[in-house]
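Reading through the structure tokens given below for one structure.
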């Protein structure tokens, strides 16, 4: 129940079915084992302020859950409601009402195990899980992921480069083939949009990134290459997280039935991610807002990363 009144849910049910279906109040009270006097007392009561707020909040929660196709857990639900409505609801309150309404976010599927390959040439892990950047174009991370096309044996491959300052996808390319051209095109697109960028460039040890041709492209741009260790996907955590976000939320937000609808969903979701999806770390700004603001300032706003115990443990062991 949203308020603290005893039998609140029963009273609400009686009110609803009487107004919608003209069911007998006397009969419903008897079936639910409550007195008519108690119901009428509740019906004509003065609704407490907290309960009115809870009802309003419940309506917002249902609206946002439907609008964003069930992708919001209670933390982001709280942030987004507060951001867009200029309110100050607490997470515990939102969580409690979401449980009452049986509203919860979808669960991400577990990632498949890492498959090793034989690289041409590798680079050290220069990034060392330090995903913090104080300005755009200091650190870029990249990877390739795949999407199955419904009803077919074909796949689509998405290559993207993320800026670790604002988690903004500086470039991405969709292809039917997971080959060198896919990665090279993504890199060239990123450089065309950011010609003076010379970030640390981090990836896994996929064959595209270990090729001599790609390493030559990095050198020509005066970029320092960094690579994850074998079997340590957390070394490229932000990009892995980005894939998880897309694959969790996109399939909830779009009706994907074939290759054309899948391509549209990927393109439009990335637009949504950049332009409409606020993030708590950035004070409920979108990646595009953060990037646009930072590029206009001599001293960009810094957004510290909340402490991660796994990364802290890693640094204590390897970075002493």
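The values are calculated or read from the model by the stated rules, or taken from the named source; none is laboratory data. Just so it is clear, the structure is predicted and the values come from calculations on it, not from any experiment. Note that we place each Cβ from the backbone using ideal geometry, even for glycine, and neighbour counts take in every protein chain shown.
Of the listed requirements (1) surrounded by fewer than 19 Cβ atoms within 10 Å (Cβ to Cβ); (2) under 19 Å from the mean Cα position of the chain (by Cα), residue 222 misses just one: (2). For the stretch 263-277, name all the residues that are touching a helix residue (DSSP H, G or I) at 6+ places or on another chain (Cβ under 9 Å) and touching a residue at least 24 places away in the same chain (Cβ under 8 Å). Residues satisfying the conditions are 266, 270, 273, 274. Of the helices (runs of 4 or more DSSP H) lying entirely inside the stretch 158-273, not one is found with 3 or more residues being in the same structural domain as residue 68 (by TED's automatic domain parsing) and either farther than 26 Å from residue 303 by Cβ or at pLDDT below 95 (or both). Checking residue 12 against (1) surrounded by 14 or more Cβ atoms within 10 Å (Cβ to Cβ); (2) under 30 Å from residue 253 (Cβ atoms); (3) out of contact with any helix residue (DSSP H, G or I) (no Cβ under 8 Å at 6 or more places or on another chain); (4) free of Cβ contacts under 8 Å to residues at least 24 places away in the same chain: exactly one of these is not met. Which one? Of (1) surrounded by 14 or more Cβ atoms within 10 Å (Cβ to Cβ); (2) under 30 Å from residue 253 (Cβ atoms); (3) out of contact with any helix residue (DSSP H, G or I) (no Cβ under 8 Å at 6 or more places or on another chain); (4) free of Cβ contacts under 8 Å to residues at least 24 places away in the same chain, only one is false for residue 12: (2). Evaluation of residue 132 against the conditions (1) at pLDDT 90 or above; (2) in contact with a helix residue (DSSP H, G or I) (Cβ under 7 Å, 6 or more places away or on another chain); (3) assigned to a loop (DSSP other than H, G, I, E, B); (4) over 17 Å from residue 278 (Cα atoms) shows that the sole unmet condition is (2). Looking only at the stretch 35-77, which residues are touching a helix residue (DSSP H, G or I) at 6+ places or on another chain (Cβ under 9 Å), part of a helix (DSSP H, G or I) and more than 28 Å from residue 11 (Cα to Cα)? Hits for the stretch 35-77 are 75, 76.
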